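**Student:** This is the structure I have questions about; it appears just below.
The values are calculated or read from the model by the stated rules, or taken from the named source; none is laboratory data. Computed from a predicted structure; not experimentally measured. FYI the Cβ positions are ideal-geometry reconstructions off the backbone, even for glycines, and counts take in every protein chain you see. Just so you know, the surface numbers come from the protein's heavy atoms only, side chains and all, with ligands and any DNA or RNA stripped out. Shrake-Rupley method; radii C 1.70, N 1.55, O 1.52, S 1.80 Å.
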Amino acid sequence: MPSIFTRLAGGELPCHKIMEDSDYFSFLEISPLKPGHALVIPKKETDYIFDLDDAALSGLVLFAKKAARAIKKAVPCKKVALIVYGLQVPHAHIHLVPVTGDPGELNFSNAKKAADEELALMAEKIRSFTS
């Protein structure tokens, strides 16, 4: 059975897409740590990020770099943190979280579901910086 991320990337389920190419997909987290929190996945379903071959892993990180640059332009922050945790969904993924340096801002227990309208506006804003 395909993971929820595979279903999102395939258009089977709705999401707030930021960018995609033939191999990778980025979309907003529905329960973000901060506004602009996005996920980046390989379209090829692989559970553990370090099971990706070298080309796929490096491609994923380079794709994440493009998404992070767009997020940094769209969201006031000092940097965009890259987090690989990957236990909730059995599909390799990277979290991109805009950070300001505040203590606790990367605590996943603080994540709260965002309103669909807020996510739609944020995705549109970030997409405007992806070209």
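**Student:** I'd like the projected area of segment 31-80, averaged over all directions, using the convex hull of its alpha carbons. Report it in nm² with one decimal.
**Tutor:** Spelled out: convex hull of the Cα atoms, projected over all directions, averaged, 4.1 nm².
**Student:** Compute the long axis of helix 116-127 from its Cα atoms, compare it with the longest principal axis of the Cα atoms of the chain, and write down the angle in degrees, 0 to 90, nearest 10.
**Tutor:** 80 degrees
**Student:** Would you calculate a helix-derived [θ] at 222 nm for the chain, using -39,500 (n - 2.57) for each DSSP H run of n ≥ 4 and dividing by the full residue count, to the nearest 500?
**Tutor:** One gets -9500 deg cm²/dmol as the mean residue ellipticity at 222 nm.
**Student:** With a probe of 1.4 Å, find how much accessible area segment 1-79 has per residue, and write the answer as a whole number in Å².
**Tutor:** I get 55 Å² per residue for segment 1-79.
**Student:** How far apart, in nanometres, would the label points at Ile30 and Leu57 be if each is projected 7 angstrom from Cα along the Cα-to-Cβ direction?
**Tutor:** Here the answer is 3.1 nm between the modelled labels.
**Student:** May I ask you to list the aspartates and glutamates whose Cα is less than 18 Å away from that of Lys112, ignoring any residue fewer than eight positions away on the same chain?
**Tutor:** Glu29, Asp102
**Student:** Still on this structure, I have one more. Run the reach check for Lys44 against lysines, Cα to Cα strictly under 18 Å, same-chain hits fewer than 8 apart removed. What comes back?
**Tutor:** Counting by Cα, and skipping residues close in sequence, Lys44 has these lysines nearby: Lys17.
**Student:** Expected output is a single nm value to one decimal: the length gained when fully extending between Glu124 and Leu13, i.e. 0.36 nm times separation in residues minus the C-alpha distance. What is it?
**Tutor:** Full extension from Glu124 to Leu13 adds 38.1 nm.
**Student:** Sorted from largest to smallest, which semi-axis lengths in Å does the alpha carbon gyration tensor of the chain give for its equivalent ellipsoid, taking the root of 5 times each eigenvalue?
**Tutor:** 21, 16, 15
**Student:** Additional query: I'd like the orientation of helix 54-74 relative to the chain: the angle between its Cα long axis and the longest Cα principal axis, in ° from 0 to 90, rounded to 10.
**Tutor:** The two axes meet at around 20 degrees.
**Student:** Next up: If you put +1 on each Lys and Arg Cβ and -1 on each Asp and Glu Cβ, how big is the dipole of the chain around its Cα centre, in Debye rounded to 20?
**Tutor:** Charge dipole, the chain, about its Cα centre: 560 debye, nearest 20.
**Student:** Counting only protein heavy atoms and using a 1.4 Å probe, what share of the accessible area of the chain belongs to carbon plus sulfur, as a whole percent? Intermediate results must be reported in sequence, preceding the final value.
**Tutor:** Numbers: 4290 of 7580 Å².
Carbon plus sulfur share of accessible area: 57 percent.
**Student:** Tell me which GluC sites (Glu not before Pro) from segment 1-46 have a DSSP coil assignment and no more than 16 other beta carbons within 10 Å of their own.
**Tutor:** Those that pass, being in a loop and sparsely packed, are Glu12, Glu45.
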